[in-house]
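The values are calculated or read from the model by the stated rules, or taken from the named source; none is laboratory data. Remember, predicted model here, so these are calculated numbers, not experimental data. Quick reminder, even Gly has a Cβ in these numbers, built from the backbone with ideal geometry, and neighbours come from all protein chains shown.
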2 protein chains.
Amino acid sequence: MRVLLDGMGGDNAPYAVCEGAVLAAQETEHEIVIIGDEDKLNEALKKACGRDDIPSNISVCHASEVISNNEAPALAIRRKKDSSIVKGMNMLKAGEGDLFVSAGSTGALLAGGLLLIGRIKGIDRPAICTIYPILGNKASLLCDAGANAECKPRNLLDFAIMSSIYMEKVLGRENPTVKLVNIGEEEEKGSSLTKETFELLKNSGLNFKGNIEARDVPKGRADVIVTDGFTGNIILKLTEGMAWNIFKTIKKKFTDGLHARLGSLLLLDKLKELKKEFDYSSYGGAPILGIKRPVVKMHGSSSSNGVKNTILKALIFAEQDVIGVIEDSIQEK
Amino acid sequence: MRVLLDGMGGDNAPYAVCEGAVLAAQETEHEIVIIGDEDKLNEALKKACGRDDIPSNISVCHASEVISNNEAPALAIRRKKDSSIVKGMNMLKAGEGDLFVSAGSTGALLAGGLLLIGRIKGIDRPAICTIYPILGNKASLLCDAGANAECKPRNLLDFAIMSSIYMEKVLGRENPTVKLVNIGEEEEKGSSLTKETFELLKNSGLNFKGNIEARDVPKGRADVIVTDGFTGNIILKLTEGMAWNIFKTIKKKFTDGLHARLGSLLLLDKLKELKKEFDYSSYGGAPILGIKRPVVKMHGSSSSNGVKNTILKALIFAEQDVIGVIEDSIQEK
């Protein structure tokens, strides 16, 4: 396998990306091609390796442009032909690599997936699937996490099928349970979208377990959580915002006064554990499902460890031929 | 003023409701009529007063039926004519009281508001407005928090107008800022609903400050947060679920081992403070805005203190003639 890695995407690029590639190269024999500004990448790689040689399964492929988060995605994909994202996706399409991993603009990755790689036949809307961290429990897969602000029931059925396959093949969850986000548990609750989707899911042959209210999402009551991209984005961002806010408040309160500081010192390990439970980088990045080749989006602020984990999980995504299984399942429908 | 109080609604009824009424009666001279099973209410009132007399501004009005949370709301409103909710709303409509407060079924209160009290002329969809707790900052008002699973842009404009008036008149926020929940801050982001609503809000004369992403909702960046009832419900329930989950995890970790228990002891005050910041009962309940008379929904698990606060804030809601101001504003549109 040949991993195509966007060296220029994300807040900590290119250093964290290069360091992550080096860490991954120590754990896998597959080839890793880092795409981006040659000079910057080589410099970052040298820094990441220190006195050691750059691993022989890492190479650099030059791309002179970068697509930023602020650019209009489709326009950027059309105009910046020599950007790391466009180059990586074109290489992926041409078979010069088996998977593409990037911490760059989600919009550009989605637009590139549609425009350069193309949809799987029978899938109307590709979606982005994100691991949702659960405290003290196995994580869920949330799909769609923000690719499609407006969806039809049929799209949500596709999301459920694709996510179930990914969850089983990549994260090893057998016969994964699927729940539909709704504003009540009862079948008749919600919008016309949720009501019609409920019907489709009930008859889908998936391991569908009914509706899930938002209050139960953080409790890990389902392997796959299906929703439209608007709601999925709200769930993901609100969770981040809440966690950020609570940790900030804890930090402020727990360092206020001698008693509190002493108490915090005694609880240091526990506080670290708590913070770690929110860290979902061990699950790898967010696959874009519904396009013809494996593309995985990493969190913009991925650390080198996050980059490493994403590469290793993305390799399973490609090796398990998740896309082939999705193609077969969609045709059987 | 005459407060009509549903004695039978909520998890802790009738005791917490009666005790809350007694606490409120000590702080206001307005009359409080508790509606529900006479015997049970009198017993609860006696228990709440202990050796003291029942305050002279509290009276009981008998209602033989109770609407539970599990009943189909509109059907229950039509059938249970002698329930505390139907009786209270009919009294409110007949002018036998100035406001109605209940911890009962939200669905039944909404259905009762529509069927028994009626909409304000020009308002297509009444909404429920909930105080959204902000850690270490002033709370926001979230509207719609779940009454309308599907909305039109015009409905969201109405929600923004009504919430701004409530926020100014009842919670004393001058010229309250309004933000629209969206999956990006830019004007062109989101669904057709958010895009069209953005246009309406921009030209509304309200203190509209653009879109707010879900990650910023817990940071208190707006006085009024406007969204459809589906998204509002997701935000509210997810926030509850996250808080519950984090506190549960903290409790488990902080009592695991001698060091941790000692640390927790030193941090006891801070932990209590943290929990208190999530308690929004001091802000009163959730008004149903868009109907012709003041109806306020309390949280189902309201404590006596929550009941007291809701009664006192609901009195301001009625005294300030929020509904009259809404009627005038809607006609000016």
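Which of the following residues is surrounded by 20 or more Cβ atoms within 10 Å (Cβ to Cβ), at the interface with another protein chain (Cβ under 7 Å from one of its Cβ atoms) and within 30 Å of residue B:126 (Cα to Cα): B:235, B:288, B:246? Sole residue among the options that is surrounded by 20 or more Cβ atoms within 10 Å (Cβ to Cβ), at the interface with another protein chain (Cβ under 7 Å from one of its Cβ atoms) and within 30 Å of residue B:126 (Cα to Cα): B:235. State whether the residues of segment A:235-256 include one that is within 18 Å of the chain's Cα centre (by Cα), farther than 27 Å from residue B:195 by Cβ, assigned by TED's automatic domain parsing to the domain that holds residue A:162 and not polar (S, T, N, Q). No: segment A:235-256 contains no residue that is within 18 Å of the chain's Cα centre (by Cα), farther than 27 Å from residue B:195 by Cβ, assigned by TED's automatic domain parsing to the domain that holds residue A:162 and not polar (S, T, N, Q). The set of residues from segment A:155-203 being more than 14 Å from every other protein chain (Cβ to nearest Cβ), out of contact with any Lys or Arg (no Cβ under 6 Å at 6 or more places or on another chain), over 19 Å from residue A:323 (Cα atoms) and not hydrophobic (A, V, I, L, M, F, W, C) comprises A:199, A:202, A:203. Evaluated against (1) within 14 Å of chain B (Cβ to nearest Cβ); (2) assigned to a helix (DSSP H, G or I), residue A:114 falls short on exactly one condition, (1). Among residues of segment B:214-233 that are touching a residue at least 24 places away in the same chain (Cβ under 8 Å) and within 16 Å of residue A:193 (Cβ to Cβ), those with a Cβ under 8 angstrom from a residue that is of a type in the set (Gly, Ala, Ser) and part of a helix (DSSP H, G or I), sequence gap 6+ or separate chain, pair up as B:233/A:214.
Take residue A:228 and tell me if it is of a type in the set (D, E, K, R) and touching a strand residue (DSSP E or B) at 6+ places or on another chain (Cβ under 8 Å). Judged against the criteria, residue A:228 is not a match. Scan segment B:177-184 and give yes if some residue there is of a type in the set (D, E, K, R) and modelled with pLDDT of 95 or more, otherwise no. Yes, segment B:177-184 contains at least one residue that is of a type in the set (D, E, K, R) and modelled with pLDDT of 95 or more.
For segment B:127-154, a tally of residues being β-branched (Val, Ile, Thr) and facing chain A (nearest Cβ under 10 Å) returns 1.
Looking at segment A:127-165, which of the residues that are hydroxyl-bearing (Ser, Thr, Tyr) and modelled with pLDDT under 95 is surrounded by the fewest Cβ atoms within 10 Å (Cβ to Cβ)? Looking at residues that are hydroxyl-bearing (Ser, Thr, Tyr) and modelled with pLDDT under 95, I get A:132.
Every residue, every condition in (1) of a type in the set (A, V, I, L, M); (2) assigned to a strand (DSSP E or B); (3) closer than 18 Å to residue B:105 by Cα, yes or no:
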site	(1), (2), (3)
B:296	yes, yes, yes
B:301	no, no, yes
B:306	no, no, yes
B:309	no, no, no
B:313	no, no, no
B:317	no, no, no
B:324	no, no, no
B:328	no, no, no
B:331	no, no, no
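Scanning segment B:252-274 for any residue that is surrounded by fewer than 15 Cβ atoms within 10 Å (Cβ to Cβ), over 16 Å from residue B:103 (Cα atoms) and of a type in the set (Val, Ile, Thr) turns up at least one such residue. Can you find a residue in segment B:77-95 that is in a helix (DSSP H, G or I), over 30 Å from residue A:189 (Cα atoms) and out of contact with any strand residue (DSSP E or B) (no Cβ under 7 Å at 6 or more places or on another chain)? No, segment B:77-95 contains no residue that is in a helix (DSSP H, G or I), over 30 Å from residue A:189 (Cα atoms) and out of contact with any strand residue (DSSP E or B) (no Cβ under 7 Å at 6 or more places or on another chain). Within segment B:53-63, one or more residues are buried (at least 16 other Cβ atoms within 10 Å of the Cβ), of a type in the set (A, V, I, L, M), under 24 Å from the mean Cα position of the chain (by Cα) and in a loop (DSSP other than H, G, I, E, B).
Within segment B:9-24, no residue that is assigned by TED's automatic domain parsing to the domain that holds residue B:60 and basic (Lys, Arg) sits with its Cβ atom under 7 Å from a residue that is surrounded by fewer than 24 Cβ atoms within 10 Å (Cβ to Cβ) and not in a loop (DSSP other than H, G, I, E, B) at 6+ positions apart or across chains. If we scan segment B:80-90, do we find a residue that is assigned by TED's automatic domain parsing to the domain that holds residue B:27, under 23 Å from the mean Cα position of the chain (by Cα) and more than 24 Å from residue B:44 (Cα to Cα)? Checking segment B:80-90: at least one residue is assigned by TED's automatic domain parsing to the domain that holds residue B:27, under 23 Å from the mean Cα position of the chain (by Cα) and more than 24 Å from residue B:44 (Cα to Cα). Scan segment A:24-42 for residues that are charged (D, E, K, R) and in a loop (DSSP other than H, G, I, E, B) and the total you get is 3. Among the residues of segment B:8-23, none qualifies, meaning not one is farther than 30 Å from residue A:184 by Cα, in a strand (DSSP E or B) and out of contact with any Lys or Arg (no Cβ under 6 Å at 6 or more places or on another chain).
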